[in-house]
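Student: Please find one structure pasted underneath; my questions will follow.
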Amino acid sequence: LSQNSERVLAVVIDAAEPKLVRQMIEHNELPVLKALLAEGNWIKVAAPANIGSGAIWPTFITGTDPSVHGIHGEWQWQPADMSLNRYKGRDLTPFWQTLAAQGTTIGIFDLPFMPMIGLEHGFEISEWAPHDVIEGQIQVGPERIKTIVSKSPPHALSSDRLKTEGPDDLEGLQKLSSACLEGIKLRGNLAQELLRETHPRLAIISFTEIHRTGHFIWHTVEPEHEVYDRDEFACLPAVGPTMKDLLREVDRQIGRLIEDCEQDTTVLVFSLHGMRPAHRAPTFLGPLLMEMGFARLADWSGQSWMERAVTLMAAVKRRSPSVLKRIYYKNLPAKTTQRLARPTMLPAYDWKRTRAFSLPTDQHGWIRINLCGREAKGIVALAEYDALCRQLESKLKSLTNHQGEPLVGEVIRTSGSAEDALGSRLPDLVVHWTNAVFESPLMIKGSSVDTTPVGTYTGQHKGDGFCILRGGPESGVSEVLLAKDFGDLISRSLSSKA
Ligand SMILES: [Zn+2]
């Protein structure tokens, strides 16, 4: 065991918007964070949210960029068999594995996308009450921790997906935010017990409730925003508890955890990405790429029997009334829904005539090039990669609605060159939409694709996060902290006064 006794408590307020947190601190609404900030620093956090929210936790966990770990969302494209696979997170090597091997006791509680590494001391608890469902089941280790965890009352996010019908479903939203408020207290209680029981030198405690509610009640945080300037939002009664009530409760719970710590414990309270207004998610990119001639669906006769079955099922699901869909998703365990949903998430493409296609997403548009030497059925030669990407970029950037407002802000390329792309598991292009895509109905100029959006989100992720850091290494802390550098910062904090 190492000689020094430096300790680190890292608390995640997942997807907490930095602006809102900062404003509440300034208005004395978060006394614990305010006191922490008075003794520490506010650091801007940059994470690869511009690729997708699914990329940020693997980046934090592994200390590597998305181009290295390859994770961008819940569904990962498999170029070897031209299909999608549910992301399981088992292959990530977390930065705390080295620390544990050196004898540091570690406690990790409900960190999104966390792999289980078989800790012998401390605790590792995955998907206790997650926002991001990965395995669809709780995992707890080591064995002796199970009793503590099983004694904790159930958290609503652990079993019920708490589906709401959208911004006008007051009852559903109230139920969601009340359950999350209650959940924050339960989480605080369990975290406190785990810390007292195991006294780890490094603890990472994650609050997931702010993430979940942020997606559904963000319209109550910025009601004046242009995205909400439409009838559906016209006469909304206030949802309570509010986002601020929830953040105040998180602040209280963090206060309890800090109180238990020794005075010189390094404390980090952070989020890796924030939240901004949105309204549902656009789904027209796939059909649009077909309309533009970049992708083509397989003819019935060209499909295998398996592909025909999949096409049929997709058609049935598309045509079933929303009430049936709701029942379909609500009454099945998350795991089953994922298994059933998978084959229908990608239409049956004619790969011989598909150069670029879209991947399922709930935020940015994701485009994958059907590249020779990478995709099993690739048709785009390496030499054509760059020109094809440029062609797609210019077509997308010229997209407007009927009023001439652009629909696309930025188009990001994830590989610097065709050669780099050969080893990439990410979408080749990431399309950032403007707020004009949230209009409904949306008419795309010069296109006849169906633009009906999906989902009930009124909040989506924004690039930056924040970190309040008290203590830590004496040097080498920059003004902007990258998500991939947290592991290094934490490791240096643990050994700073060795
Ligand atoms: Zn999210």
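No value in this document is a laboratory result; all are computed from the given coordinates. All figures in this text were calculated on a predicted structure; none of them were measured in a lab. Ideal geometry is used to build each Cβ from the backbone, glycine not excepted, and the neighbour counts take in all protein chains shown.
Student: Run the numbers on the chain and let me know its relative contact order in percent, using alpha-carbon pairs under 8 Å that are six or more apart.
Tutor: Details: 975 pairs, mean separation 137.8, N = 498.
Contact order relative to length: 28 percent.
Student: Label-point separation (nm) for LYS34 and GLN102, each offset 7 Å from Cα along Cα-to-Cβ?
Tutor: 3.8
Student: Taking 0.36 nm per residue of separation and subtracting the Cα-Cα distance, what length does fully extending ASP168 through GLU26 add? It would help to have the intermediate numbers written out before the result.
Tutor: On the way: separation 142, 0.36 × 142 = 51.12 nm, distance 3.16 nm.
48.0 nm is the gain from fully extending ASP168 to GLU26.
Student: So if each residue of separation counts as 0.36 nm, and I subtract the Cα-Cα distance between GLN78 and SER448, what length gain in nm does that give?
Tutor: Working: separation 370, 0.36 × 370 = 133.20 nm, distance 3.04 nm.
Stretched fully, the GLN78-SER448 segment lengthens by 130.2 nm.
Student: Are there trypsin sites (Lys or Arg not before Pro) in the range 1-90 that DSSP marks as loop and that have at most 16 other Cβ atoms within 10 Å, and which are they? Let's see the in-between values first.
Tutor: Values: sites: ARG7, LYS19, ARG22, LYS34, LYS44, ARG86, LYS88, ARG90; in loops: ARG7, LYS88, ARG90.
Hits after loop and neighbour filter: LYS88, ARG90.
Student: Would you calculate, for the chain, the mean residue ellipticity at 222 nm contributed by helices, counting each DSSP H stretch of 4 or more residues as -39,500 (n - 2.57) and dividing by all residues, to the nearest 500?
Tutor: Estimated from H runs of four or more residues: -10000 deg cm²/dmol.
Student: Taking a ≥ b ≥ c as the square roots of the Cα gyration tensor eigenvalues, with a/c under 1.5 meaning rounded and otherwise prolate when a/b beats b/c, else oblate, which class fits the range 361-494?
Tutor: Oblate is the answer for the range 361-494, as a/c is 1.5 or above yet b/c matches or exceeds a/b.
Student: How far apart, in nanometres, would the label points at ALA238 and GLU182 be if each is projected 7 angstrom from Cα along the Cα-to-Cβ direction?
Tutor: Taking the simple label geometry, ALA238 and GLU182 are separated by 2.3 nm.
Student: Separate question: On a full-extension model of 0.36 nm per residue, what is the gain between ILE379 and SER440, subtracting their alpha-carbon distance, rounded to one decimal in nm?
Tutor: 18.3 nm
Student: First measure r as the distance between the Cβ atoms of ARG230 and ILE412, then evaluate 1/(1 + (r/R0)^6) with R0 = 25 Å and state the FRET efficiency to the nearest 0.05.
Tutor: Working: r = 29 Å, r/R0 = 1.15.
E(calc), rounded to 0.05, equals 0.30.
Student: Find, among the GluC sites (Glu not before Pro) in the range 256-298, those assigned to loop by DSSP (not H, G, I, E, B) with at most 13 other beta-carbon atoms within 10 angstrom. Write down the numbers at each step before the final one.
Tutor: Working: sites: GLU259, GLU262, GLU291; in loops: GLU262.
Listed in order of number, the matching sites are GLU262.
Student: Continuing with the same structure: Could you calculate the FRET efficiency of MET345 with CYS261 from 1/(1 + (r/R0)^6), where r is the beta carbon distance between them and R0 is 41 Å, rounded to 0.05? Kindly include the intermediate steps, with their values, before the conclusion.
Tutor: Working: r = 45 Å, r/R0 = 1.09.
Approximately 0.40, to the nearest 0.05.
Student: Next up: I'd like to compare 179-185, 110-116, 397-403: which one has the highest average count of other Cβ atoms within 10 Å, and what's the full order after that?
Tutor: 110-116, 179-185, 397-403
Student: With a cap of 13 neighbouring Cβ atoms within 10 Å, and only residues DSSP puts in a loop, list the GluC sites (Glu not before Pro) found in the range 216-257. The partial results should precede the final answer.
Tutor: Details: sites: GLU224, GLU226, GLU232, GLU249; in loops: GLU224.
Passing sites in the range 216-257 are GLU224.
Student: Structure shown: which of LYS163/LYS377; LYS19/LYS163; LYS175/LYS462; LYS175/LYS484; LYS34/LYS484 lie over 30 Å apart, alpha-carbon to alpha-carbon?
Tutor: LYS163/LYS377; LYS175/LYS484
Student: How large is the dipole of the range 1-119 about the Cα centre if only Lys and Arg carry +1 and Asp and Glu carry -1, each at its Cβ, rounded to the nearest 20 debye?
Tutor: 60
Student: Sticking with this one: What nm distance separates the two modelled labels at GLU120 and VAL480, each placed 7 Å from Cα along Cα→Cβ?
Tutor: Distance between the two pseudo-spin positions: 4.2 nm.
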